[in-house]
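The values are calculated or read from the model by the stated rules, or taken from the named source; none is laboratory data. Predicted, not measured: the structure shown is a model, and the values here were computed from it. Note that we place each Cβ from the backbone using ideal geometry, even for glycine, and neighbour counts take in every protein chain shown.
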Amino acid sequence: MPTRPEPAAGAATVLDVADLRVHFELRGSFLGRLLGRDAGSVQAVDGVTLSLRHGEVLGLVGESGSGKTTLGRALLGLVRPTAGSVCYRGTDLAGLRQAQLRPLRQRIQMVFQDPGAALNPAMDIETAVGHPLRIHGLVRDRDELRDRVHDALRRVGLVPVERFASKYPAELSGGQQQRAVLARAIILGPELLVADEPVSMLDMSVRAKILELMLDLRRDLDLSCVYITHDLATAKFFCDRVAIMYLGRIVEIGPTERIFADPAHPYTRALLAAVPEPDPTRTLTRQLPRGEVPDGVDPPGGCSFHPRCPHAFAPCGWEGRDVRALLEQRWTALDEADYAAEQALFADLAELDVRGSRLRIRPAASRSAESIRALLEQVRVGDPDEPLWRGVRQVSVADGACVVDFVEGVDPNLGPVDEGAVACHLYDPAYR
Amino acid sequence: MVWAPIRSSRGLPRWLLGAGCTITLLFVVLAVFAPLIAPYDFDTFSADGQRFAQQAPPSAEHWFGTTVQALDVFSRVVFGARTALEVVVLSVAVSLLVGVPLGLVSGYFGRWLDRLLVLITDTVFSFPPLLLAIVLSFLLSGLLGGGVAPAALAITVVYVPQYFRVVRNTTFSAKEASYVEAARAIGAGPLTVITRYLFSNVVQSVPVIATLNAADAILTLAGLGFLGYGIQPTEAAEWGYDIQRAIADAGAGIWWTGLFPGLAIVLLVTGLTLVGEGLNETLNPTLRRRRLLPVTLPTRDTDAGGSR
């Protein structure tokens, strides 16, 4: 197995991404669209800043819906950023029109997740791999095209070339298709390769071969790579640096060794803990994040990981929704009579879904605000270690409603830790 | 690629295709070699200086009898095939040339262009096809003069929306495919994406509609002729017109003037429909059942090194 080549120290920056945002407008309901009502937007990429040095492999790691694929597509100008810039060697791709982007495509190429879908089913391999050359007018005649295509096919290991050149994508295996996609990507001699989960659709046995091929190509062709994946194991194998993404943001970035040996962000720790341990005798207590990835349309306030974070504390952005989630969590464990009695205290549970540091809970018609306060107190006593209570300043009764005051939430910024950066209040000197 | 499913078809679809192609080919032969096959021209009412008998029953001399105008019915049926196929080929070709590119462009670019085109074609859809064809045929024959072209173009306008709709909808879903994004990623412009990546994946359903529309076009043409808005009787033989002239004969027990053109229409429409249905059965992936084909293993090849 080849070892990773070290990136040249002090190499020039290839790609510079600054505060990149990609928001997708939601279509909303029919009536809403008719009335021109704003249905909101998904913040797929929400303020990402990173840079890629020449010859480096940067991994973008995250769960489904973390925005890693959208970020990758934005790097190629395949989706238009809402704000921010993507500078490739000084040219901002975000501001360019499609026609102006096309010449730059010779320098930045992409490898797709599903190799079967990324190849035109009606085009044979030779035509498909050679098409970039024809589009950019880089070959003079058929013979030159043929030679360069065959070179590329040989380079990615589709040999004997004659056997594969005339095949259609459907006639190849997944690994062979991905080799063809790689051949198409390298035939223009790009400097930057964005690989979007290039091995996740492949069989285990083929994965290692494709990754080795990519390492070979990287070394021989002097490529810089952005490697997008949800698979930490391949990221560890392939990347020099890793950026962990959560809900459209980078929560931690740093050298691969440091991230894996000493993860800083609670989310990174949770991701690493979720990697299955092959040794059954070692039963480690896993702190897997609770709950699911929140809705990207309306992400949690403050740090968007705080509802799932075991280490969350006062400034992480606690709000009404978290109180509702806590109550609903409690109710799943109660029997029906108790559940009905407790739920009947509230006028409207949807009132709890408000942003901001002050939550007013109105009691139902015949109930008192004091009984809600008592319920919350009971919950707190029942589980004083629940991180939510660290963010609650006080619970009081005012104007016939129960009022919960939270500590004002603060959005964590990427701050430096030793080797890399992390967006977490635990590492912010202001809260130490 | 395209022929493989047709070649590998078996059972009912193959039978449908075979029967349809045979009938259609028969009419194509009739149309192409009409002057050789038909004993007389379509407007000949005399030979060797002698007028034909009017409304003569089928005989050795006039196989299908003669009409009230003393025209040979057999010759008119044969030349009618020529007219029908000319109109069908012209109308299908023009509808394809207009409908498919419009559908591709509309589906790929979307936005206001798509809305506009959909609105226009939906408007065309909402007219009864025959009525639209009559109006257009009327207008076009004023512009273009007589002949096959106005009738063919009138029919074209009726069918363009169908191709447009089918191609637009398939383009709409095909453009989300990964290979279209991949094409953009390698630097392909919209024209390249449409012609090299979308076209071949979108036109699969077009042959089916084209053959079914061809059958429909025969009926529309006959309808136009029957109502007297089609091709003028002095210009070409036309089955619809012949049937219209035969209405009066039917009451008098003269069956041959109406039967043979009518049979020709039924046969050709059936033939084209069979081709269409057969193609649909073989090409449409939702209907197609893949068959297990017998596999012959090659003899052991000792010098083949590549095992990848």
**OP:** Only one of these is more than 14 Å from chain A (Cβ to nearest Cβ), touching a residue at least 40 places away in the same chain (Cβ under 8 Å) and either in contact with a Lys or Arg (Cβ under 9 Å, 6 or more places away or on another chain) or under 30 Å from B:GLY278 (Cβ atoms) (or both): B:LEU132, B:LEU117. Name it.
**Re:** B:LEU117
**OP:** Tell me which residues, restricted to segment B:147-201, are among the small types (Gly, Ala, Ser) and within 14 Å of another protein chain (Cβ to nearest Cβ).
**Re:** B:SER173, B:ALA174, B:ALA177, B:SER178, B:ALA182, B:ALA183, B:ALA185, B:GLY187, B:ALA188, B:GLY189, B:SER200
**OP:** Test each condition in (1) within 14 Å of another protein chain (Cβ to nearest Cβ); (2) of a type in the set (Asp, Glu); (3) in contact (Cβ under 8 Å) with a residue 24 or more places away in the chain for A:GLU171 and report the one that comes out false.
**Re:** (3)
Subject >> Considering residues of segment B:234-251 that are free of Cβ contacts under 8 Å to residues at least 60 places away in the same chain and of a type outside the set (S, T, N, Q) only, the residue nearest to B:LEU26 (Cα to Cα) >> reply: B:GLY240
**OP:** Could you grab me the full set of residues in segment A:54-110 that are within 20 Å of A:GLY189 (Cβ to Cβ), touching an Asp or Glu at 6+ places or on another chain (Cβ under 9 Å), surrounded by fewer than 19 Cβ atoms within 10 Å (Cβ to Cβ) and more than 14 Å from chain B (Cβ to nearest Cβ)?
**Re:** A:HIS54, A:ARG89, A:GLY90
**OP:** Can you tell me which residue among B:ALA222, B:ALA214, B:ALA246 is modelled with pLDDT of 80 or more, under 30 Å from B:SER75 (Cβ atoms), over 24 Å from the mean Cα position of the chain (by Cα) and small (Gly, Ala, Ser)?
**Re:** B:ALA246
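Let's see how each residue does on (1) modelled with pLDDT of 85 or more; (2) more than 18 Å from A:LEU414 (Cα to Cα); (3) in a loop (DSSP other than H, G, I, E, B); (4) among the hydroxyl-bearing types (Ser, Thr, Tyr):
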| position | (1), (2), (3), (4) |
| --- | --- |
| A:PRO278 | no, yes, yes, no |
| A:THR285 | no, yes, yes, yes |
| A:GLU292 | no, yes, yes, no |
| A:GLY296 | no, yes, yes, no |
| A:GLY301 | no, no, yes, no |
| A:VAL323 | yes, yes, no, no |
Subject >> Residues (over 17 Å from B:THR220 (Cα atoms) and either at pLDDT below 85 or touching a His at 6+ places or on another chain (Cβ under 9 Å) (or both)) located in segment B:141-177 >> reply: B:GLY142, B:LEU143, B:LEU144, B:GLY145, B:GLY146
Original post:
Taking B:GLU281, is it touching a Pro at 6+ places or on another chain (Cβ under 7 Å), at pLDDT below 85, surrounded by fewer than 23 Cβ atoms within 10 Å (Cβ to Cβ) and away from chain A (no Cβ under 14 Å)?
Top reply: yes
Original post:
Is segment A:351-361 home to any residue that is among the small types (Gly, Ala, Ser) and at pLDDT 85 or above?
Top reply: no
**OP:** Output the number of residues of segment A:49-72 satisfying the condition of being among the β-branched types (Val, Ile, Thr) and closer than 18 Å to A:ARG89 by Cα.
**Re:** 2
**OP:** Look through B:GLY110, B:GLY145 and report the one residue that is within 30 Å of B:ALA177 (Cβ to Cβ) and of a type in the set (Gly, Ala, Ser).
**Re:** B:GLY110
**OP:** Collect the residues in segment A:111-130 that are at the interface with another protein chain (Cβ under 7 Å from one of its Cβ atoms) and either closer than 21 Å to A:LEU76 by Cβ or crowded, with 20+ Cβ neighbours inside 10 Å (or both), keeping them in residue-number order.
**Re:** A:PHE112, A:ASP114, A:ALA117, A:ALA118, A:LEU119, A:ASN120, A:ALA122
Subject >> Hey, B:VAL275 within 14 Å of chain A (Cβ to nearest Cβ) and touching a residue at least 60 places away in the same chain (Cβ under 8 Å) or not >> reply: no
**OP:** Can you run down the residue pairs with Cβ atoms below 6 Å, 6 or more apart or on separate chains, where the first is in segment A:131-160 and away from chain B (no Cβ under 11 Å) and within 25 Å of B:GLY189 (Cα to Cα) and the partner is among the aliphatic types (A, V, I, L, M) and outside any helix (DSSP H, G or I)?
**Re:** A:LEU145/A:VAL139; A:ALA152/A:ILE187
**OP:** Please determine, by comparing only the residues of segment A:178-217 that are acidic (Asp, Glu) and either part of a loop (DSSP other than H, G, I, E, B) or within 13 Å of chain B (Cβ to nearest Cβ) (or both), which one is surrounded by the fewest Cβ atoms within 10 Å (Cβ to Cβ).
**Re:** A:ASP203
Subject >> Which numbered condition A:GLY400 misses (of (1) of a type in the set (Gly, Ala, Ser); (2) on the phi > 0 side of the Ramachandran plot; (3) buried (at least 17 other Cβ atoms within 10 Å of the Cβ)) >> reply: (3)
Subject >> Sole residue being more than 17 Å from the chain's Cα centre (by Cα), within 28 Å of A:PRO299 (Cβ to Cβ) and either at pLDDT 85 or above or of a type outside the set (Lys, Arg) (or both), chosen from A:ALA44, A:ALA39 >> reply: A:ALA39
